[in-house]
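Below is one structure, written out as structure tokens; the observations come after it.
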Amino acid sequence: MGARVRTIHSMTGLPPREIQRLFFADPNAIPRGRPPDSPEWYHSANLLFRTDASIFATTYRRLRQAGFGPDDALVGAYRHYRTVCQAPHRISFDRAFDLASHTDGIWIAKSPSFSVVTCPSCTSEFLTALGTVPRSDACPFCKLVQRYGNDPRVQTSFPVRPLPYPAVFQQEMMMRQKKERDADGDCEAPISSFPGDTGDR
Ligand SMILES: [Zn+2]
């Protein structure tokens, strides 16, 4: 997913030389340049970058809270981010790694500097500096909705998706319910066959 050697090293513990041998047979393919440094970047980044960072970070946080380890949560959240946001993606894997590091205080960060909070106005979760009181004027999603009508960049980044035709959905539900009823009928045991049940007497 375009991770640099340092990122792979932090996540896997593999020596840099080994990473080069395994992933970058062509030395020119090694991602170069300054690695991301999110604590400063996030607060001055434009709205669309902050929105994308929040979409990644909130998914990462949910996966961590569900009990996934940081490696799995990072990869899973990044893949999910790429399926819900339009390409070209503003958040690189290295950026996602850096955001996750600074949210949990792991890998390259000694302590957390971000947290995920819930907007009191729209109830979306978004990324913010650790210890910040959640306010709607800091919520990127509230701003996104406000700007949507007259900002073509926002419209292109988050195009309106057609909702499924309700009749198709209803038909699917009815077929599923029928299937479930049929399956229940096949394996339903008579109540009296359970020892100790009231039906036994
Ligand atoms: Zn909001």
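The values are calculated or read from the model by the stated rules, or taken from the named source; none is laboratory data. Nothing here was measured: the structure is a model prediction, and the numbers come from that model. For neighbour counting, all protein chains shown are included, and Cβ atoms are generated from backbone atoms with ideal geometry for every residue, glycine included.
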Looking at this structure, is residue 90 buried (at least 16 other Cβ atoms within 10 Å of the Cβ), within 25 Å of residue 152 (Cβ to Cβ), of a type in the set (Lys, Arg) and in the same structural domain as residue 161 (by TED's automatic domain parsing)?
-> yes
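What are the residues in the range 56-87 that are hydrophobic (A, V, I, L, M, F, W, C) and surrounded by fewer than 23 Cβ atoms within 10 Å (Cβ to Cβ), if any? If you could, list the steps in order and put the result at the bottom.
Of the residues in the range 56-87, the ones hydrophobic (A, V, I, L, M, F, W, C) are 56-57, 63, 66, 68, 73-75, 77, 84-85, 87.
Listed by number, the residues that qualify are 63, 66, 68, 73, 75, 84, 85, 87.
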Given the conditions (1) modelled with pLDDT of 95 or more; (2) surrounded by 15 or more Cβ atoms within 10 Å (Cβ to Cβ), and given that residue 38 satisfies all but one, which numbered condition is not satisfied?
-> (1)
Select from the range 93-149 the residues that are assigned to a strand (DSSP E or B) and more than 16 Å from the ligand (Cβ to nearest atom) and write down the one among them that is surrounded by the most Cβ atoms within 10 Å (Cβ to Cβ).
-> 114
So, first residue more than 23 Å from residue 87 (Cβ to Cβ) and touching a residue at least 24 places away in the same chain (Cβ under 8 Å) in the range 1-20, second residue crowded, with 16+ Cβ neighbours inside 10 Å and among the polar types (S, T, N, Q), Cβ within less than 7 Å, six or more apart or across chains; the pairs are 5/20
Any chance the range 19-31 includes a residue that's among the aromatic types (Phe, Trp, Tyr), modelled with pLDDT of 95 or more, surrounded by 12 or more Cβ atoms within 10 Å (Cβ to Cβ) and not in a loop (DSSP other than H, G, I, E, B)?
-> no
